[in-house]
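To keep things clear, I will list the structure first and then write my remarks on it.
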Amino acid sequence: MTGGHLVSFVGAGPGDPELITQKGLRRLREAEVVLHDRLIPRALLDETAPGALVLDVGKAPGRPCLGQGRINRLLVDWARRRGRVVRLKGGDPAVFGRLGEEIQAVREAGLPFEVVPGVTAATAAAARAGISLTERGSASTLVLATGTDHTGHRPVALDWEFLARVEGTLVFYMPVGSLDAITASLTALGRDPREPALLIERAGTEGERVTAGRLGDIAGAARAAGCTPPAVLVTGPTVASASVPHGVPPRLAGVGA
Ligand SMILES: C[S@@+](CC[C@H](N)C(=O)[O-])C[C@H]1O[C@@H](n2cnc3c(N)ncnc32)[C@H](O)[C@@H]1O
């Protein structure tokens, strides 16, 4: 595609700069303006063209962040002024990325857009742990859920009874501050506390760490290990076959036994 206005929502992947798609990388190299999240592989910014305007619109601890409305307005303003704008988002733009709100702003402004998908944290984490997220016969459902709502706590709006009884794999994004509440809700409603569970921090980056345990004790294990975001909690029968890339932590030895 050449010329004209186009807003490309591009998935940057979960941290390893090689996990962006070829199409996403091409859009990044062609961009006149790039608005990026904080949680993107920084090496990707080296791929932008000389003279491209690169704006960090991400949220960072201790730094005033732009509200979503302001990001939407910036996106529309730049897209009107320059032809090729890339909105670079961590992981996949369509997974817990407020993509819908940004698409709505661009659509209302009458601007053409596309979504270039990316590797989401759930699949990146599963890949690093060497597990399948689904398995014929034992994990026929995969749920991606948020572990934190807009209040910063365990989301009350989730159907916890469904999550407790679903046969398959649950992946919680943004779980670190709510691990006790998430795991207690699931086990109180009947999910097996012996089910294997992993807390995977910074999957695919140098700071990657995997804490293994069971649904009933993973919150305590993560606390003892000092786990911090970004991380995902993965629980379900297939987690039993996890192998941890940088050596098997002691807790994993008992998983699935
Ligand atoms: C606002 S959500 C964005 C998710 C992103 N759109 C995606 O598809 O992965 C941010 C959360 O994604 C998860 N996350 C992102 N990158 C991660 C990584 N490299 N390892 C583990 N979790 C990650 C964490 O739960 C983090 O708090």
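The values are calculated or read from the model by the stated rules, or taken from the named source; none is laboratory data. This is a predicted model, so every value here is computed, not measured. Reconstructed Cβ throughout: ideal geometry from the backbone, glycine too, with neighbour counts over all protein chains shown.
To keep it simple, each residue is scored yes or no on (1) among the basic types (Lys, Arg); (2) assigned by TED's automatic domain parsing to the domain that holds residue 12; (3) more than 30 Å from residue 208 (Cβ to Cβ).
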residue: 91; (1), (2), (3): no, yes, no
residue: 94; (1), (2), (3): no, yes, no
residue: 97; (1), (2), (3): no, yes, no
residue: 103; (1), (2), (3): no, yes, yes
residue: 126; (1), (2), (3): no, no, no
residue: 130; (1), (2), (3): no, no, no
residue: 141; (1), (2), (3): no, no, no
* Determine which single condition residue 133 fails, assuming it passes every other condition in (1) away from the ligand (no atom under 16 Å from the Cβ); (2) assigned to a loop (DSSP other than H, G, I, E, B); (3) touching a strand residue (DSSP E or B) at 6+ places or on another chain (Cβ under 7 Å). => (1)
* Asked: Counting residues that are among the β-branched types (Val, Ile, Thr) and touching a residue at least 12 places away in the same chain (Cβ under 8 Å), which strands (runs of 3 or more DSSP E) fully inside segment 137-221 reach at least 3?
  -> 141-146
* Structure fact -> Taking segment 9-27 and the residues there that are of a type in the set (Gly, Ala, Ser) and outside any strand (DSSP E or B), the one that is farthest from residue 77 (Cα to Cα) would be 15
* Structure fact -> Subset of segment 88-108, residues without any contact (Cβ under 8 Å) to a residue 60 or more places away in the chain and in a helix (DSSP H, G or I), comes to 100, 101, 104, 105, 107, 108
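The rows are residues; the columns are (1) over 27 Å from residue 147 (Cβ atoms); (2) in a loop (DSSP other than H, G, I, E, B); (3) within 16 Å of the ligand (Cβ to nearest atom).
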position: 4; (1), (2), (3): yes, yes, no
position: 29; (1), (2), (3): yes, no, no
position: 38; (1), (2), (3): no, yes, yes
position: 55; (1), (2), (3): yes, no, no
position: 69; (1), (2), (3): no, no, no
position: 80; (1), (2), (3): yes, no, no
position: 86; (1), (2), (3): yes, no, yes
position: 110; (1), (2), (3): yes, yes, no
position: 114; (1), (2), (3): yes, no, no
